[in-house]
Structures are given as C-alpha cells and as structure tokens.
Amino acid sequence: MTGTQKRDYSLVGADSKAAEQAGLAAAEWYHTALDRKDMKAMMKRQDGPALRDTAIWWGLMVACALGGIYFFGNWAALPFFIIYGVLYGSASDSRWHECGHGTAFKTIWMNDVVYQVASFLIMREPEVTRWSHARHHTDTLIVGRDPEIAVKRPPNIPSIILSFFAVPGVYKATISMIQHSFGRLTADERAFLPETARAKVFRTARIWLAIHAASVLLSIYFGSWIPVLLVGALPTMYGAWLARLFDLTQHAGLAEDVLDHRLNSRTVMMNPLFRFIYWNMNYHVEHHMFPMVPYYTLPKLHEAIKHDTATPYPSLLAAYSEIVPAVLKQVRDPGYYIARRLPPTAKPYRGELHDLVVMPSAALVS
C-alpha cells in the first residue's frame with residue numbers, strides 16, 4: 001500500500017508537531033481484551049528463569065573467551081570467537097531490552113545489573129536508551145515521536161547492510177559518549193531525557209570511555225589483539241549480525257502512524273536456540289501490546305491472543321521474503337508499506353490513516 005511521502009523523523013521537527021496535533025502522541029493503543037486474572041498471572045515475574053538463562057549466557061561467554069585465548073593464533077580459535085561475538089554483541093541486545101523493562105527478574109537489582117552489563121556490551125548508554133525505549137513503546141512507529149525507528153523511509157540500504165556489523169551504531173555511540181562525557185546532549189535527547197537522568201548519562205559516558213581506553217592500552221602493552229577482541233567495540237561489531245537479523249523483523253516495512261501493534265509489529269516463529277539468544281522477542285506483537293509480560297511468558301500470551309492478531313510468520317525466511325522486497329520498494333516509493341491482514345476472528349482496526357477490513361488469516365501481504 002502507498003501512504004505519505006518522505007518524512008521528518010527527528011523528534012523536534014514538523015512531523016513531531018503534526019503527530020501531536022493529530023492526537024498520535026502518547027495516545028491510547030488497541031489491546032486485545034483479556035481476562036484480568038489471566039493477565040495478572042502472565043505479568044508475574046520470577047527470578048528463576050532469568051537466573052538460569054543468565055548463568056548459561058555468561059558461562060558460555062567465559063568458556064568461549066578462554067577457548068579463544070588458548071587457541072589464539074590458530075584457526076581453532078575462530079569458532080570460539082564467533083560464538084563469543086554472538087553472545088557479546090547479539091544475545092546482549094535482548095538482555096538489555098528485557099532488563100530495561102524490568103521484567104526479566106523479580107528482584108530489581110538483578111535487572112539493573114544485567115541491564116548495565118548488556119548496555120555496555122552493545123554500546124547503548126543505559127540512561128539514554130532507557131528513556132528512548134520508553135518513548136518507542138509509547139509512540140511505536142509514530143513519525144517524529146519514536147526515536148528508535150530502525151528503517152526510515154526512504155531506507156538507506158548501505159547503512160542497513162553496515163548495521164549487521166554495528167558500524168553506524170558504534171560510530172554514533174562513540175560520538176555520543178564523547179559528547180556526553182563533556183556534558184552535552186543532542187536536541188532529540190533533550191526531548192525525552194528528564195533533567196534527573198542527565199547527570200547519570202554524563203557519568204556513565206566517562207566510565208565507559210575509560211574502560212574502552214583501558215582495553216586498547218592493554219592490547220598495546222601486551223602487543224596482543226586479545227584484549228580488544230574480548231572487550232570493547234570490536235566484539236560489539238563482529239557479534240552484532242544475528243541480533244540485527246532478528247531486530248529487522250520487528251517493524252521493518254510496516255505501517256507508520258497507526259495505533260495498533262498488530263499492524264506495525266511482527267511475530268516470527270523461531271527455533272529454541274534463536275529464542276534463547278533473542279529471549280523470545282520474536283513474539284513482538286505480544287511484547288508491544290503487553291510490554292510488562294516477562295519474556296518467558298510470551299509464548300503463553302501468544303496463545304491467548306492469536307485469535308485477534310495476524311498470522312505469525314513461520315520462519316525468519318518467510319519474514320525476510322516480505323521485508324526485503326518492501327524495503328527495496330520504499331527506496332523508490334517512501335510511502336509504500338505492508339498492510340498486515342487480520343483473521344476473521346480479530347477485531348478490525350479503524351483509524352484515520354488506515355481503514356483495514358478483516359481479511360483471511362493466510363494472507364500476509366498487501
């Protein structure tokens with residue numbers, strides 16, 4: 001389908017003001033009706049599942065780091081560094097996300113510890129991204145309001161390709177850390193960061209820069225690549241590819257400016273290994289509709305609301321068979337988007353920008 005043309009994605013531009021005037025800013029979103037008792041049960045948090053998964057995650061990272069060090073200089077080290085990179089630069093992404101919501105652990109400080117560690121590993125400043133992600137959930141894919149729209153229109157294809165190696169993210173994070181270490185914020189950051197959080201932003205940036213500098217100095221001192229391959233920007237970059245493969249399925253190519261997560265988010269079915277790395281964020285419609293449900297309960301939530309949501313994609317391949325053509329088409333036609341079709345059992349969405357009728361559940365694209 002075709003909609004509006006090229007947009008202003010900044011949080012202080014014309015589209016931001018237009019979103020507010022249209023009533024799209026901090027608006028009421030559609031939610032599938034669920035029994036209150038059932039919803040309360042699904043929102044219950046536990047320490048056990050996240051403690052188990054975190055122990056496996058960190059244990060595998062240590063084992064792979066030791067294997068990489070032991071075999072360094074030999075091809076046998078390569079698989080250890082590949083797995084280490086995925087755990088460092090990809091698995092950290094979902095841990096950052098879930099612990100940022102405060103839903104992974106029942107114990108608050110456990111969420112905070114994992115959130116801080118994961119934030120460092122993927123070079124996302126914790127206070128900045130905590131608030132930017134809150135805005136992302138409040139105004140998901142609302143142009144001029146959501147600071148985390150990953151694929152803007154028209155898409156920048158070279159930038160998307162480089163993002164599989166975290167090049168744009170690491171570059172922006174480095175510039176951001178330097179600016180924040182001097183006590184400076186961007187105009188967009190001032191739009192969502194409260195005054196009370198800004199001192200933490202500046203302090204964290206200085207600590208992170210010191211750690212990155214120490215890793216580089218250790219490599220120089222010992223005349224070895226090992227320190228920078230294990231800590232710093234390099235593992236963030238060489239391990240980012242799988243997280244990016246997952247993340248692009250969340251919203252790429254879908255409708256902007258709709259107050260219904262069934263139309264701007266995707267649920268993609270994945271195998272158990274991918275779900276462990278991604279912490280069940282493949283259930284992304286469910287997560288956006290009910291963000292306070294812990295990751296280990298999302299499969300149950302999916303079963304409870306699937307009658308009211310579009311058919312999930314059966315695999316990553318199925319999702320990308322839709323995403324790639326759509327994104328390429330958006331290069332030529334920025335107004336194009338994929339219209340998700342809801343099953344006959346779903347409550348249809350009616351809005352000023354979209355008028356989607358209920359369609360057969362087997363149909364996935366417009």
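The values are calculated or read from the model by the stated rules, or taken from the named source; none is laboratory data. Worth saying up front: this structure is predicted, and the values here are computed from it rather than measured. When we count neighbours, we look across all protein chains shown, and the Cβ atoms used for this are built from the backbone with ideal geometry, even at glycine. Just the protein is used for accessible areas: all its heavy atoms, side chains included, with ligands, DNA and RNA removed. Shrake-Rupley method; radii C 1.70, N 1.55, O 1.52, S 1.80 Å.
Side notes on the structure shown:
- Kirkwood hydrodynamic radius of the chain, from inverse mean 1/r over distinct Cα pairs, in Å: 21.5
- Filtered trypsin sites (Lys or Arg not before Pro), the range 1-51: DSSP coil and at most 15 other beta carbons within 10 Å: LYS6, LYS44
- Springs between Cα atoms under 10 Å define the GNM used for the chain, and in it the highest mean-square fluctuation of VAL113, VAL128, VAL86 occurs at VAL113.
- Whether the range 150-239 is rounded, prolate or oblate, judged on the alpha carbon gyration tensor where a/c under 1.5 counts as rounded: oblate
- Net charge dipole size for the range 122-163 [Lys, Arg +1 and Asp, Glu -1 on Cβ; Debye, nearest 20]: 120
- The C-alpha atoms of the chain define a longest principal axis, and helix 77-89 lies at about 50 degrees to it.
- Residues considered: PRO158, PRO49, PRO314. Largest GNM mean-square fluctuation over the chain, using C-alpha springs under 10 Å, is found at PRO158.
- In terms of its alpha-carbon gyration tensor, the range 1-141 comes out oblate; a/c meets the 1.5 threshold, while b/c is at least as large as a/b.
- Mean residue ellipticity (222 nm) of the chain, computed from DSSP H runs ≥ 4 via -39,500 (n - 2.57), nearest 500: -17500 deg cm²/dmol
- Accessible surface calculations at 1.4 Å, restricted to protein heavy atoms, place the chain at 47 Å² per residue.
- Helix 167-181 and the long axis of the chain differ in direction by around 70°, with both axes built from C-alpha atoms.
- Rounded to the nearest 20 debye, dipole of the chain from Cβ charges on Lys, Arg, Asp, Glu: 280
- Label-to-label distance, nm, for residues given as VAL331 and ALA150 (7 Å Cα→Cβ offset): 1.9
- Each Lys and Arg Cβ is given +1 and each Asp and Glu Cβ -1; about its Cα centre, the range 28-137 then shows a dipole of about 260 debye.
- Three-way shape label, the range 88-171, alpha-carbon gyration tensor, a/c 1.5: oblate
- 31 Å Cα-Cα threshold exceeded, pairs from LYS6/LYS172; LYS152/LYS347; LYS44/LYS329; LYS106/LYS200: LYS44/LYS329
- Using a probe radius of 1.4 angstrom, the carbon and sulfur fraction of the accessible surface of the chain is 66%.
- Quotient of C-alpha Rg and 2.2 N^0.38 Å, computed over the range 163-294: 1.31
- In the range 200-284, taking the dipole from charged Cβ atoms about the Cα centre, the farthest positive-side position among PHE276, LEU217, TYR238 is held by LEU217.
- Along the axis of the charge dipole computed for the range 1-119 (Cβ charges of +1 for Lys and Arg, -1 for Asp and Glu, origin at the Cα centre), the listed residues TRP58, LEU34, TYR70 are led at the positive end by LEU34.
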